[in-house]
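Beneath this line is the structure, given in structure tokens, with notes to follow.
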Amino acid sequence: SLAMIFTYAVLVAWGVLISWLSLRFLDRMSLRSLGFGLHQNWQREVLLGVGISATMISVIVALQVIGGGTSIRLNPVWWKDSGIDAAGFGLVAKECLLALALLILAGAVEELGYRGYAFQTLLRGLPPMVPILLLSIYFGLGHWGNPSRTHFSTVNTVLSGIWLSAAYLKTRSLWFPTALHFGWNWTMGAIFGLPVSGLQIPQHPILIATNGSPVWLTGGSYGPEGGTAATIVVLVSIVIIWRANWLSVAPEMQTALSEATPADDSTIRLGLQN
């Protein structure tokens, strides 16, 4: 709904405001160091993030189809035997666009919370693995109350937190992990019609994909994030992103991060080199 979209927009603004105040008065750093500035790579990072996550979901769905737990068909709301139903097509298009707006904002809120100021501040004083594990576990627990949640889905969510943390560390930008985040959710929910962490977003997707047995592969009613197909694909993606020489820190981000206090500067340089 528009009310939910507005709520998430307010949360994004609030998260940015709190981050700016903390950076300005506690760390003497500019807001651009947070990672949402319009540096020279931001558009490329968004396109890469959406492309990579859409490909990952497509591979996951293919594995589920091969495993016999998923079948795909066009949504009969807009596709009838006689062809395209104009009214149904309009409904699906409207809901998919609203879902896109919602999931972009929801992804930004979660990245601000889990890979934003708190995560970045811990990086300046601790070995990277500490904030990665701490905030990824917190990320997993943040989805503990979702419908149809299982212990395995929580493990997968923690693993996804590590994946998104690696994406931030490779670019020191929040654009890349945010694009991965909302591209993953939107492709899963709006295109394939699969549950997004137990939620149906939107109600009328482009395709209808079943998500049945074997549940260990597909995640059942929680969606692919509760199955082993997602585990395999996310693990492979972590390795690819971490080893990718086509991902780098933009010069503007290097400059912004160098504004940290002298005591923190060596830690930042070490993190950038890693």
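Details
- Conditions (1) modelled with pLDDT of 95 or more; (2) in contact with a Lys or Arg (Cβ under 9 Å, 6 or more places away or on another chain); number of the one not met by residue 48: (2)
- Matching residues in region 79-90 - criterion: being surrounded by 11 or more Cβ atoms within 10 Å (Cβ to Cβ) and assigned to a loop (DSSP other than H, G, I, E, B): 85
- Residue check for residue 21: under 21 Å from the mean Cα position of the chain (by Cα) and farther than 24 Å from residue 200 by Cβ: no
- Failed criterion for residue 205 (all others in (1) part of a loop (DSSP other than H, G, I, E, B); (2) touching a Leu at 6+ places or on another chain (Cβ under 6 Å); (3) at pLDDT 95 or above hold): (2)
- Count of residues meeting criterion [open to solvent by 50 Å² or more (accessible area, probe 1.4 Å) and either free of Cβ contacts under 8 Å to residues at least 12 places away in the same chain or over 18 Å from residue 49 (Cβ atoms) (or both)] in region 91-112: 4
- Matching entry among 125, 51, 69, 37 (being within 15 Å of the chain's Cα centre (by Cα) and not polar (S, T, N, Q)): 51
- Hits in region 208-259 (condition: among the polar types (S, T, N, Q), part of a helix (DSSP H, G or I) and open to solvent by 20 Å² or more (accessible area, probe 1.4 Å)): 221, 228, 231, 254, 255
Okay, residues lined up against (1) in contact (Cβ under 8 Å) with a residue 12 or more places away in the chain; (2) surrounded by 13 or more Cβ atoms within 10 Å (Cβ to Cβ); (3) under 18 Å from residue 179 (Cα atoms):
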{"site": "18", "(1), (2), (3)": "yes, yes, no"}
{"site": "24", "(1), (2), (3)": "no, no, no"}
{"site": "48", "(1), (2), (3)": "yes, yes, yes"}
{"site": "63", "(1), (2), (3)": "yes, yes, no"}
{"site": "71", "(1), (2), (3)": "yes, no, no"}
{"site": "114", "(1), (2), (3)": "yes, yes, yes"}
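- Selection count where residues are touching a helix residue (DSSP H, G or I) at 6+ places or on another chain (Cβ under 6 Å) and at negative phi, scope region 129-148: 8
- Condition check for residue 226: touching a residue at least 40 places away in the same chain (Cβ under 8 Å) and in contact with a strand residue (DSSP E or B) (Cβ under 6 Å, 6 or more places away or on another chain): no
- Test result for residue 186, at pLDDT 95 or above, more than 24 Å from residue 76 (Cα to Cα), open to solvent by 20 Å² or more (accessible area, probe 1.4 Å) and of a type in the set (A, V, I, L, M, F, W, C): no
- Of all residues in region 122-157, those satisfying the criterion of being open to solvent by 50 Å² or more (accessible area, probe 1.4 Å) and among the hydroxyl-bearing types (Ser, Thr, Tyr) are 138, 148, 150.
The values are calculated or read from the model by the stated rules, or taken from the named source; none is laboratory data. In this text the structure is predicted, and so the values were computed from the model without any measurement. Note: ideal-geometry Cβ built from the backbone for every residue, glycine included; neighbour counts use all protein chains shown. Quick note on the areas: whole protein, heavy atoms, side chains included, nothing else; ligands and nucleic acids left out. Shrake-Rupley method; radii C 1.70, N 1.55, O 1.52, S 1.80 Å.
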